Amino acid sequence: MLNLLSTIRGAVQDYSVFELFSLFPSDDRIRAFAEEDLSTHHANYLTIAWTLGNFDEIRRKIMEIACPLPANFRMIIAEQMEVAGDDEFSLSLLGHYDQETDEEVKTQASIAYHKRLKSSGSNITNALDLLSKNIKCNGPGLESDRAAAFCGLAFLNRLDIYAKCRETKSETLCKTPLQDYAPNIPLIRTILHEWVYLKEALGPEMLKRFTHWHEKNDAKEVWNTLCILADEYSLPCKDALEFLKNHNERVAESNILNFLSRAKPGSKLLRNYCLGSFYANQSQLKLSQDDEATAAKLLGSQFKNSADIFMGLQLKGMKMPLDSKLIIALCEGWPMSKELDDMYDYYFENKPKIGYEPYFYLISIKGSKDILYESILAAIFHIDSENIGPLYSIIPPLLRRLRNDDLLIKKLIGHLKANPTSSEKVTLPQIISDAVGMPPELKAWCQEELERQFNETETFDIGNDLSSGKPKAVINALLEVLSQSSRSNS
């Protein structure tokens, strides 16, 4: 029966495995089959966990799969394997890139594999067959498969295959959509690095190949994602600036605004886009609160010496007593202004409802150490109890305050030594390390907690990360912090 399982697929196999494992969970052959299955990419995880989860070795394997090596570690391996080791070993490892679950790691591993394959002089026929299939694949995970395939074709100099490719059902041009909400950095770098080759291979249709599925070939949406890194590449940077200068609406999302702040700091073009975006919703040009906040930050940081900008922000007639954008702009550019003092006093006298980001900007500038301490712990608690999503926007003002408040850092480290929650173990070491590096007290605590997690707990503790809002194993979080510290010191 065990031999037959490998020859059947789908629901029949799932049912057969469940019945067999349920009837004979103690049979050594069943456990051996389960362990072998867990080493494959599409293992029957649910059935094995349900029927054999009480066995220590099975449970440990399942936990290792549920909490793999952190994605940033896997990314480092993928990057290093492009040049490290001999061809046979490196190609055998990188050749499994299509089994990777993280989109960015998969794309980077594909880049490393196909670069290495090309330089080794190996036959690329099988690789091209897989790339040609994946570049127009459908179903779950299609974005990551297509991104990895596109990069593979680019570095094998076979974008002619992509240029001719059509969607299976509609016969329209195949797309490799760029996502600005979860940008695939290796994919973006490939597009920018191969800019001239892409323009030659794909012609005037090039930008259309990277639009979202629901967009009608909106080049501005593509530029919004490419602008994350476009200023690092001269020709794409020049093309992006030309596009933005010629665009009619002086309104843009965060990536474009940040790009302009790097490529054209303090310029009239940046000023006009920031002001247009700051007041966009008053002009019926809808932008997200994050985009408005970005405009506010840049108006404050890039034009803090401009009396005209300051007066313009004050005289525009905001409807609310505490406008979130105005708080952020004043915190960035005019932190000592009377207007910001009045806002702070108004908030603590009246307690109007404002978002997390303006609140943390306000208290990071004006609040006491104790207010910051209690607010940080409350934010982590709310991530756990209310499922409010990521709070990455509060990190910059927190880091700025922590860099100038040794007593607050000492108090947070003291909290870690007391009885912290799993989410506090995940979050606090990261924000302290990002702000000031790794103080000896924090490093010692991280090492002690790692040892405790490995040796004293039956299962790994999992907390919610404040920045991403996602669950993360405490072990992974602490390893990331310690590895970042080691790299910065080397």
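Read-outs throughout are calculated quantities, based only on the coordinates presented, and are distinct from any laboratory measurement. Keep in mind it's a predicted model, so treat the numbers as computed, not measured. FYI the Cβ positions are ideal-geometry reconstructions off the backbone, even for glycines, and counts take in every protein chain you see.
So what is log10(I(q)/I(0)) for region 390-489 at q = 0.18 1/Å, when the Debye sum runs over its Cα atoms only?
One equal scatterer on each Cα of region 390-489 leads to -0.82.
Going through region 138-210, which GluC sites (Glu not before Pro) have at most 13 other Cβ atoms within 10 Å and a DSSP loop state?
Passing both the DSSP loop test and the Cβ count: E167, E171.
Please give me the summed charge of the neighbours of C174: other residues whose Cβ is under 15 Å from its Cβ, Lys and Arg +1, Asp and Glu -1.
Values: positive: K133, K136, R146, R158, K164, R166, K169, K175, K208, R209; negative: E143, D145, D160, E167, E171, E205.
Result for the local shell: +4.
How far, in degrees from 0 to 90, does helix 56-66 lean away from the longest principal axis of the Cα atoms of the chain, to the nearest 10?
Relative to the chain, helix 56-66 is tipped by roughly 50 degrees.
Which distance in Å, rounded to a whole number, links the C-alpha centroids of region 323-397 and region 147-225?
40
With Cα Rg over 2.2 N^0.38 Å defined as stated, name the option among (1) 1.13; (2) 1.18; (3) 1.05 computed from the structure displayed.
So the structure-derived entry is (1).
So what's the gap between the Cα centers of region 108-124 and region 249-275, to the nearest angstrom?
So the separation of the two Cα centres works out to 39 Å.
Fewest Cβ neighbours within 10 Å first, please rank D342, D102, D86 accordingly.
Going from sparsest to densest Cβ surroundings: D86, D342, D102.
Net charge near L478, counting Lys/Arg +1 and Asp/Glu -1 over other residues with Cβ under 13 Å of its Cβ?
Here the charged neighbours net out to -3.
Where does the charge balance sit around K118 when Lys and Arg score +1, Asp and Glu -1, over other residues with C-beta under 14 Å from its C-beta?
Neighbour charge sum, excluding K118 itself: 0.
Counting Lys and Arg as +1 and Asp and Glu as -1, each charge on the Cβ, what is the dipole of the chain about the Cα centre in debye, to the nearest 20?
Dipole magnitude for the chain comes out near 1640 debye.
Per DSSP H run of at least 4 residues, take -39500 (n - 2.57); add these up for the chain, divide by its residues and hand me the 222 nm value, nearest 500 deg cm²/dmol.
Calculated from helices alone, the mean residue ellipticity at 222 nm is -19500 deg cm²/dmol.
Sort 431-440, 354-363 for me by packing, meaning the mean count of neighbouring Cβ atoms within 10 Å per residue, highest on top.
Top of the packing list down: 354-363, 431-440.
Using the number of other C-beta atoms within 10 angstrom as an exposure proxy, rank K106, K220, K417, K338 with the fewest first.
Ascending Cβ contact count within 10 Å gives the list K338, K417, K220, K106.
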